[in-house]
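Take a look at the structure below.
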Amino acid sequence: MFEKYMVMTRGFQNVAQDGSVIGFQIKIRITYYRGIYLALIARLDLIVDGEKFRPDQLRFSIGDRTYTLDEMAKEETVRWPFGEPATLTVLKPGGLKPGLHEVELTEIIKPAYIPEPGFVAGTRRKVTLVA
């Protein structure tokens, strides 16, 4: 239902640390109809220009906190509010080249009252990375 709002066009940028580009960031939103605790997010799958990124390459930031996907699975007190953008940072040395990129994102959420595989939402959209 809210898949067209999952991947945001603003905030798509490379990330530098100590003078080197270590990856890139993209702003995402939850598609579930209400906010959820981070522990209920079973998976975030990201593919950019056909390249699938491993879970250990992803960092999820909400508010002023950043988590690995493994840390999110244990976080039972922090919520991702509906409508609030989160930042997904991808560790990829050199980042991405400026220009148009095809981004595919799948979110799998596992509330107790939805049977396997849970609530699955996905989108594909072209987003421009500005230098």
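Of all residues being part of a loop (DSSP other than H, G, I, E, B) and touching a helix residue (DSSP H, G or I) at 6+ places or on another chain (Cβ under 9 Å) in the range 50-90, which is surrounded by the most Cβ atoms within 10 Å (Cβ to Cβ)? Just the residue, please.
Taking the candidates together, the pick is E75.
Evaluate the range 6-24: report whether one residue or more is open to solvent by 90 Å² or more (accessible area, probe 1.4 Å), among the aromatic types (F, W, Y) and assigned to a loop (DSSP other than H, G, I, E, B).
No, there is no match, as no residue in the range 6-24 is open to solvent by 90 Å² or more (accessible area, probe 1.4 Å), among the aromatic types (F, W, Y) and assigned to a loop (DSSP other than H, G, I, E, B).
Hey, among P115, P93, which residue is at pLDDT 95 or above and either more than 16 Å from I28 (Cβ to Cβ) or open to solvent by 20 Å² or more (accessible area, probe 1.4 Å) (or both)?
That would be P93, the only listed residue that is at pLDDT 95 or above and either more than 16 Å from I28 (Cβ to Cβ) or open to solvent by 20 Å² or more (accessible area, probe 1.4 Å) (or both).
Restricting to the range 96-112, and then to whatever is touching a residue at least 12 places away in the same chain (Cβ under 8 Å) and loosely packed, with under 14 Cβ neighbours inside 10 Å, can you tell me which residue is nearest to V7 (Cα to Cα)?
Of everything passing the filter in the range 96-112, E102 is nearest to V7 (Cα to Cα).
Output the number of residues of the range 34-56 satisfying the condition of being in contact with a strand residue (DSSP E or B) (Cβ under 7 Å, 6 or more places away or on another chain), modelled with pLDDT under 95 and either over 22 Å from T77 (Cα atoms) or among the charged types (D, E, K, R) (or both).
Here the count works out to 1.
The values are calculated or read from the model by the stated rules, or taken from the named source; none is laboratory data. Source: prediction; values computed, not measured. All Cβ positions, even for glycine, are placed from backbone atoms using ideal geometry, and neighbour counts span all protein chains on display. Accessible surface areas use protein heavy atoms only, side chains included; no ligands, DNA or RNA. Shrake-Rupley method; radii C 1.70, N 1.55, O 1.52, S 1.80 Å.
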